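The values are calculated or read from the model by the stated rules, or taken from the named source; none is laboratory data. Small disclaimer: the values here were computed from a predicted structure and weren't measured. A quick note on method: Cβ atoms are made from the backbone with ideal geometry, for glycine too, and the neighbour counts reach across all protein chains shown. Note: areas computed on protein heavy atoms with side chains; ligands, DNA, RNA excluded. Shrake-Rupley method; radii C 1.70, N 1.55, O 1.52, S 1.80 Å.
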Amino acid sequence: MAKDTQGIQRRRRADQSVVLDKKRYRGKLAVDGIEVDVRFTLSAKADCRLSFEFDAVDGASFMLLAKTMGRPGQLNGHFAIDALTRGGDRVTSDTMSLGAYQVNNDGYFIEASYLAATVTRVMKNGAPKPILKLWFRGFSSYRNSTVETPLGTVAVWGATKGSDSDEMSGCVAISAPSEVPDASWIVQADEFLRHMHQGLAFAHGGGLQTPRLDHIEGNIFKATFFSGSGYQPEFPVQYSLHHGPIIAALVARYFDQGPVSEVVWIALRWMQSGTTVDEVRFLTGMTALETIIESELPAKKGTIIPKANFKMLRQKLMDMVDHSLDLTVDQREIFKKRIEGNNKKSLPEKIDALFDHYKISRRDFPLTTVVSLVNLRNKIVHTGVVPDDVGIWGSIILVRELITRILLSEIGFNGRYCCYIGGRHDRNFPELPLAG
């Protein structure tokens, strides 16, 4: 009973804590050339979500704003807001949305939400060096060492005793190498943190929502708040107690070879779609594979014979179609388009080519297994259901494992990772040869 009471008290203290003190603002709300004077109170509690509480607006302003709300299904434009406190704090956003209007005896009221909004404050004491810090929700990571890079010192930390998926509980930060870095430092540091964000989401085993980005330089503190909710992780690639190797790999990859292709990270987001429907979970995994194939697999590895050799064969087939008297004009065009694709490898062959391209182990993936994954994909796409005699869970795990190996190869990872084929266990990457 005592433990339950203590837990309730801790949660109450967390609910009562604040990220942003409540302050009064005055400024403009604008859209499509319309500007309205607004006053509001702005604050953020421990959940790191901005709360705009608008005062009543006058009737004319209310009607102007109400006219901007479109019909359901129609794309609405975003509002911009720019407001100040008496002390000089500022909030700006160009992604505001008006979600509700209300009229009562006290006046005309609006409610607003945001995609991103920046709060700027002047601190009493300045920071010795510029810092950029990207916060996460639901992130656990245990006492990682800092890493020195050309852009400065990198630190990653998170909750050490577990974290609720929606709790702001970790970040990746970079501190500039000097008090006055190059003018492009902030842009380069931001790009690097985005790279780290994607890689840590991969290690985490689920999407990592970023509630806030802090930029501290001198005595100016800018906090950009992002809307969104946290994600429940599943199948982490590394234990939260041991993120050191993947952090080192992500840093080395970025500064030795540049960032990972954005399309590869898009494939990761396909895999981490967060659905609980197994058919969708499997199909998003297969879509992730196809995304990687189309963007990363060299063209020569996606053809049956070299393009130069196929060129002559294609022309002969085209000539046969052109001289066929039994075909209509439309039928000729259909056959010609199909001839163009005759040199492309099938999806199972393209997936098989990924193993050589990324130099990853074929363990657990004989060609028959790859073919069965593609056949299952086709059946679900065409019928919408899993055949009664097929257990889909093993296929879901196989697809995730293949994508995991591809991403580990992309970042140049070397060490132990979590494999889930046959139940979670640790494996080496790159995989060591099996003992004879």
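A few points about this structure:
- Some residue of segment 265-273 being assigned to a loop (DSSP other than H, G, I, E, B), in contact with a helix residue (DSSP H, G or I) (Cβ under 9 Å, 6 or more places away or on another chain), at pLDDT below 95 and hydroxyl-bearing (Ser, Thr, Tyr): yes
- If you go through segment 175-195 and keep only what is within 12 Å of Pro130 (Cβ to Cβ) and either part of a strand (DSSP E or B) or touching a residue at least 12 places away in the same chain (Cβ under 8 Å) (or both), you end up with Ser175, Ala176, Pro177, Ser178, Glu179, Pro181, Trp185, Ile186, Gln188, Ala189, Asp190.
- Subset of segment 77-132 that is among the polar types (S, T, N, Q) and more than 32 Å from the chain's Cα centre (by Cα) - its residue that is nearest to Ser184 (Cα to Cα): Asn125
- If you filter segment 128-174 down to residues that are polar (S, T, N, Q) and surrounded by fewer than 16 Cβ atoms within 10 Å (Cβ to Cβ), you find that the one that is farthest from Tyr254 (Cα to Cα) is Thr160.
- Segment 389-409, residues that are modelled with pLDDT of 95 or more and acidic (Asp, Glu): Glu401
One line per residue, one yes/no per condition, for (1) within 25 Å of Asp82 (Cβ to Cβ); (2) assigned to a strand (DSSP E or B):
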{"residue": "Glu111", "(1), (2)": "yes, yes"}
{"residue": "Thr120", "(1), (2)": "yes, yes"}
{"residue": "Pro128", "(1), (2)": "no, no"}
{"residue": "Lys133", "(1), (2)": "yes, yes"}
{"residue": "Thr153", "(1), (2)": "no, yes"}
{"residue": "Lys161", "(1), (2)": "no, no"}
{"residue": "Ser169", "(1), (2)": "no, yes"}
{"residue": "Ala173", "(1), (2)": "no, yes"}
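- Pair list, Cβ under 8 Å, 6 or more apart: segment 22-43 residue under 15 Å from Ser97 (Cα atoms) and free of Cβ contacts under 8 Å to residues at least 12 places away in the same chain, other residue assigned to a strand (DSSP E or B) and open to solvent by less than 70 Å² (accessible area, probe 1.4 Å): Glu35/Leu29
- Sole residue being at pLDDT 75 or above and touching a Lys or Arg at 6+ places or on another chain (Cβ under 7 Å), chosen from Ile380, Ile360: Ile360
- Residue count for segment 157-178, restricted to those that are at positive phi and of a type in the set (Asp, Glu): 0
- Scan segment 249-262 for residues that are open to solvent by 50 Å² or more (accessible area, probe 1.4 Å) and either part of a loop (DSSP other than H, G, I, E, B) or aliphatic (A, V, I, L, M) (or both) and the total you get is 1.
- Restricting attention to segment 23-39 and to residues that are out of contact with any Leu (no Cβ under 9 Å at 6 or more places or on another chain) and assigned to a strand (DSSP E or B), the residue that is most open to solvent (accessible area, probe 1.4 Å) turns out to be Arg39.
- Any hit, segment 43-54, residues being more than 30 Å from Gly170 (Cβ to Cβ) and either part of a strand (DSSP E or B) or aromatic (Phe, Trp, Tyr) (or both): yes
- Taking each residue of segment 144-163 that is closer than 10 Å to Ser175 by Cα and looking for partners that are in a loop (DSSP other than H, G, I, E, B) and open to solvent by less than 20 Å² (accessible area, probe 1.4 Å) with beta-carbon atoms closer than 9 Å, six or more apart or interchain, yields Leu151/Ala176; Gly152/Pro130; Gly152/Ala176; Thr153/Ala176.
- Scan of segment 382-412 for residues that are open to solvent by 30 Å² or more (accessible area, probe 1.4 Å) and touching a residue at least 40 places away in the same chain (Cβ under 8 Å), ordered by number: Gly384, Val385, Trp393, Ser409, Gly412
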